[in-house]
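The block underneath contains the structure these notes are about, expressed in structure tokens.
The values are calculated or read from the model by the stated rules, or taken from the named source; none is laboratory data. On a predicted model such as this, the values are computed, not experimentally measured, just so you know. Cβ placement follows ideal geometry from the backbone for every residue including glycine, while neighbour counts extend to all protein chains displayed. Only protein heavy atoms, including side chains, enter the accessible area calculation; ligands, DNA and RNA are left aside. Shrake-Rupley method; radii C 1.70, N 1.55, O 1.52, S 1.80 Å.
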Amino acid sequence: MKTLLLTEGAQGQARSYLAKRMLESVAAKLDITLLDAAQDAELIIVIGDEQPQDTAFNGKRLFIGSAEKAIREPEAFLAQAMAEAQSYQYTSATAAAPAKGQMRIVAVTACPTGVAHTFMAAEAIEAEAKKRGWWVKVETRGSVGAGNEITPEEVAAADLVIVAADIEVDLNKFSGKPMYRTTTGLALKKTAQELDKALVESETFTAQKSSSTASSSKKKEAVGAYRHLLTGVSYMLPMVVAGGLCIALSFVFGIEAFKQEGTLAAALMQIGGGSAFALMVPVLAGYIAFSIADRPGLTPGLIGGMLAVSTGAGFLGGIIAGFLAGYVAKLISTKLHLPQSMEALKPILIIPLIASLITGLAMIYIVGKPVAAIMEGLTHWLQAMGTANAVILGAILGAMMCTDMGGPVNKAAYAFGVALLSTQTYAPMAAIMAAGMVPPLAMGFATLVARNKFAQSEREGGKAALVLGLCFISEGAIPFAARDPMRVLPCCIAGGALTGALSMFFGAKLMAPHGGLFVLLIPGAITPVIQYLIAIVAGTLLAGGLYALLKRPDVEIAEEKLA
């Protein structure tokens, strides 16, 4: 039977993922073929509590079941689904008719890596909205694309659109709706306040076209350079991960095996170093420009990025090229007015040509050589750095990674490490990822060694934090930091600084900037392995041990509140 599996957002990302994997493992036994789209599906299975609201499912058999049963008894769950599924019918008229007095909101979440903040912010918005009795649906723009997509009928019926995004995302389908924009960090940590502000401060959104209005231009400026940079980094990141792992696989055959033409090692190096890493800077520059000027900025941004590579200006030149191309393209788009008969030529011919010429000439004659000299000096300093300086740099980067759990300081350190990969400088990235794993691992460790100081819910959160820490998702420590910031943050910063310093002291190198300890499955991705693990364990023990000592038992806190 052709079947589509769906997960309802309130189940939580971890339970939903586990339930889907368990069902997938037994589906073949029951002659069930799992599909990715509803079009050809004969059966729709929803893991959750709420009925979906999508006209695409009309006329198909639908079953709703709990995640707990799907995890414990996946075979029985699927058998029950096939036996008890009923015909589904949903209309746009139903969608447009909310309960009396009920607020209807739709939201979009997106973060640079598309992993942790994207989904945690989505869950926070859903939980707070449901607590207020609102109807809510959140679309996640994660690393694998859009999830839980909002339909045109749901957009039409919505009273408010909330966009919690740290990067630029396509919002054209929400044109004409009241919209409030915030960040994933605020949506996660101050959910109630952000929803209150959304009700008061939302403004009607107008989709940006080639000739932007003054209001849309003003809104775009409010986004800020930081978000444009993170947009570029988010598109560059998969390129860096794929390229780094290909290079690591090449090293499996020997550090210099790739020099032998015609071998598999040479082919892997050509894929990783010769292609993926060669595209890093152009993609970074292209999508910085895209974030600023939308599609008109992409072509001059990519061209400027390629010139940054060819002139030796590296990632710094790429960043400059991206911003230059974006603002030039935006200026032409908004200020150059042509007869109506020629307007269609602007995005196809005029903007790409003029913006590319200005950006390219600036990179060749003005930016290229000075920035190339700076990059050469920076690379030489990093590679020739003495042990003392390396330890200090590692401690600084490690502390930054643990300062705000995925916030601006954390992202600044991460972007610095990723950018250095283009210069074949791998040690800072190793220190950054190691330190980024410390906060959630430390919180999980603290809940194990000082169980009596934590409530049952915190102990369960500690188990989840351990898993997230192994995956290099620093945000796993956010629930603890939000509850007790004055103790958690200093402990994590101390542990992260120690881990970063030890990683640099040991000379650890990392080829792929994400994945946590799971990149150990790729031989050569992390070297040296034992010392790298020692650095992570040392920081975890320091941060977790300190917090276990400083943490006040929940009973004591409760008594103080009652007093």
* Structure fact -> From the option list 322, 297, single residue qualifying as in a helix (DSSP H, G or I), assigned by the TED database to the domain that holds residue 242 and either free of Cβ contacts under 8 Å to residues at least 60 places away in the same chain or polar (S, T, N, Q) (or both) is 297
* Structure fact -> If we ask which residues in segment 141-184 are without any contact (Cβ under 8 Å) to a residue 12 or more places away in the chain and of a type in the set (Asp, Glu), their number turns out to be 2
* To do: Identify all residues within segment 396-406 that are open to solvent by less than 30 Å² (accessible area, probe 1.4 Å) and modelled with pLDDT of 80 or more; write none if there are none.
  => 397, 398, 399, 401, 402
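Yes/no matrix, rows are residues, columns are (1) over 30 Å from residue 187 (Cβ atoms); (2) touching a residue at least 60 places away in the same chain (Cβ under 8 Å); (3) in a loop (DSSP other than H, G, I, E, B):
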| site | (1), (2), (3) |
| --- | --- |
| 487 | no, yes, no |
| 490 | no, no, no |
| 499 | no, yes, no |
| 505 | yes, yes, no |
| 514 | no, yes, yes |
| 530 | yes, no, no |
| 535 | yes, yes, no |
| 538 | yes, no, no |
* What are the residues in segment 467-481 that are open to solvent by less than 50 Å² (accessible area, probe 1.4 Å) and in a helix (DSSP H, G or I), if any? -> 469, 474, 475, 476, 477, 478, 480, 481
* To do: Out of 190, 219, report the one residue that is at pLDDT below 85, open to solvent by 60 Å² or more (accessible area, probe 1.4 Å) and under 20 Å from the mean Cα position of the chain (by Cα).
  => 190
* open to solvent by less than 60 Å² (accessible area, probe 1.4 Å) and charged (D, E, K, R), is that true of residue 60? -> yes
* To do: Would you point out which residue out of 525, 464, 450 is small (Gly, Ala, Ser), over 27 Å from residue 391 (Cβ atoms) and modelled with pLDDT under 85?
  => 464
* Exactly one condition in (1) more than 29 Å from residue 518 (Cβ to Cβ); (2) of a type in the set (S, T, N, Q); (3) free of Cβ contacts under 8 Å to residues at least 60 places away in the same chain is not met by residue 311; state its number. => (3)
* Asked: Does residue 363 count as hydrophobic (A, V, I, L, M, F, W, C) and in contact (Cβ under 8 Å) with a residue 24 or more places away in the chain?
  -> yes
* Within segment 447-466, which residues are open to solvent by 40 Å² or more (accessible area, probe 1.4 Å) and under 21 Å from residue 533 (Cβ atoms)? -> 448, 449, 463, 466
* To do: Could you please find all residues in segment 1-44 being modelled with pLDDT under 75, open to solvent by 20 Å² or more (accessible area, probe 1.4 Å) and either under 20 Å from residue 118 (Cα atoms) or part of a helix (DSSP H, G or I) (or both)?
  => 7, 8, 9, 10, 13, 14, 15, 17, 18
* Structure fact -> A careful count of residues in segment 333-357 that are over 30 Å from residue 379 (Cα atoms), open to solvent by 20 Å² or more (accessible area, probe 1.4 Å) and in a helix (DSSP H, G or I) gives 13
* Asked: In the set 430, 384, 329, which member is of a type in the set (A, V, I, L, M, F, W, C) and surrounded by fewer than 24 Cβ atoms within 10 Å (Cβ to Cβ)?
  -> 384
* Asked: Do the conditions hold for residue 291, that is, is it assigned by the TED database to the domain that holds residue 237 and closer than 24 Å to residue 417 by Cβ?
  -> yes
* To do: Note down all Cβ pairs under 7 Å where the first residue falls in segment 335-350 and is closer than 16 Å to residue 294 by Cα and not assigned by the TED database to the domain that holds residue 297, the second is open to solvent by less than 70 Å² (accessible area, probe 1.4 Å) and among the polar types (S, T, N, Q), and they're at least six residues apart or on different chains.
  => none
* Take the residues in segment 246-282 that are within 17 Å of residue 510 (Cβ to Cβ) and in contact with a Gly (Cβ under 6 Å, 6 or more places away or on another chain), then tell me which one is surrounded by the fewest Cβ atoms within 10 Å (Cβ to Cβ). => 252
* Structure fact -> Across segment 381-437, the tally of residues that are among the charged types (D, E, K, R) and part of a helix (DSSP H, G or I) stands at 1
